[in-house]
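Below: one structure, written as structure tokens.
Since every read-out is calculated from the coordinates, none of them should be taken as a lab result. Fair warning: this is a prediction, and the values are worked out from it, not measured in the lab. Here the Cβ positions follow ideal geometry from the backbone for every residue, glycine too, while neighbour counts run over all protein chains shown.
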Amino acid sequence: MSGTPRRKPGRMGGFVSGFRKCLEEQGYTPSTIRNMLKDVDTLGLWMQEHDLQPSGLSEAVVAEFYNYRVAIGRRKVASVKSFAPLLRFLREQGVIGDSARSVSPVDRMLVDYRQWLVAERGLAEATIIRYEKLARRFLLEHMLGEQTELGALGGADVVSFLLRETDRASVGAAKGHVAELRSVLKFLFVRGLTPRLLTTTVPPVAGWRDTGIPRALPAGHVQRLLDSCDRADPVQARDYAILMLLARLGLRSIEVARLELGDIDWRGGRLVLRGKASREDGMPLPADVGAALAAYLADARPTTPLRSVFVTCKAPLRGIRPDLVHDVTRRACDRAGLPHAGAHRLRHTVATEMLRRGVKLIDIGQVLRHRDLATTAIYAKVDLATLRSIAQPWPGDQR
């Protein structure tokens, strides 16, 4: 047969089909997939020339391949970062293991710490991520290579680290850092890496519960946020549905991020919410919120096997994280010309408006899914008129 001979696939030829399917499921465009597979083909030929097997592929090998391509004068060279999807795919397929990467002592300890947080503390994923970030910063200060300085840790080291972490932090953020630091110190003691329990050396943060007043958005601002969304744009159609959940139902950002397709009961008009500590709650789905969700799912959500209701709009497709929910509100504020406000301000606004309409605190607590009525009671300070109307008369007072 005549024609141009097909290029040999090299050492990566056996993985091309599966990798292509993986990229398609993650929402990459056909042109991007073609370019990525071409780079994989080139990598496979280079590996064949250097007698390298797929099982030995790692970030270090990819970096060597990159340096080779630059050295021979190639004008367009795929970056090391662009091969991250391939390495992730090969790890998921069991072709290469995590051992192929250079794992530091801190990384190994953080893997153990994460497992401990799940098994012993039962923390939610978002909380674990926050705890890991502080733990990494703390461990990097006190671990040098394989030789650690953890055994010599003392109260002065702990206090010094905490002071740096809480510099210019709010009272709430500082209290969070205290909890995160005490957690990692307990873990180190349980694992026998410190000779004594250092949690008692972490000073508490001054501040009293419920001294602040929840800050609701001014009248009209919520509608301006909603009106700022161009629902013909897929990203803003998604953001509009998210804002409706925040503004009408007072959902937490984690509840929005965890919402799955099976959690929407269209016939019954209800939502199942997964919030703090893996707790599940059901609540009614208002018609306008349901319409926003339906429009997004039908016209704007990318085609993907993911079960998350809200997914990223660019490849690789994945369910959104709670921090992206906060980004949605910030972008809406920018479009509406309003000062930045986080997702929780909308939750405060829902509660405040209910209180001003005369809804009882116990009912507001049920809507917001508070475990303790004391948490809801802080909204009684929003305005004095409402506070006076719910105050109980003094026994025997005839006025």
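Tabulated data
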{"read-out": "Per-selection Kirkwood Rh - the chain (Cα, Å, 1 d.p.)", "value": "25.5 Å"}
{"read-out": "Theoretical FRET efficiency, 1/(1+(r/R0)^6), r = Cβ-Cβ of Thr200 and Arg267, R0 45 Å, to 0.05", "value": "0.25"}
{"read-out": "The chain, helix-only ellipticity at 222 nm - DSSP H runs n ≥ 4, -39,500 (n - 2.57), divided by all residues, nearest 500", "value": "-15500 deg cm²/dmol"}
{"read-out": "Residues Val70 and Arg330, FRET efficiency given R0 of 41 Å [Cβ-Cβ distance, rounded to 0.05]", "value": "0.60"}
{"read-out": "3J(HN,Hα) from dihedral phi, the range 133-140, Karplus parametrisation 6.51/-1.76/1.60, rounded to Hz, x for glycine, proline", "value": "4, 5, 4, 4, 4, 5, 5, 4"}
{"read-out": "Contour excess over end-to-end distance, with Cα ends at Ala84 and Trp116 and 0.36 nm allotted per residue", "value": "8.7 nm"}
{"read-out": "The chain: angle of helix 59-71 to the longest principal axis, Cα-based, in degrees nearest 10", "value": "60 degrees"}
{"read-out": "Using alpha-carbon coordinates, inclination of helix 343-356 to the longest axis of the chain, degrees", "value": "20 degrees"}
{"read-out": "Approximate shape of the range 105-199 as ellipsoid semi-axes (Cα gyration tensor, √5λ), whole Å, largest first", "value": "19, 18, 12"}
{"read-out": "Cβ-Cβ FRET estimate between Arg318 and Arg371, R0 fixed at 30 Å, reported to 0.05", "value": "0.50"}
{"read-out": "Label-point separation in nm, Glu24 to Ala173, each point 7 Å along Cα→Cβ", "value": "4.6 nm"}
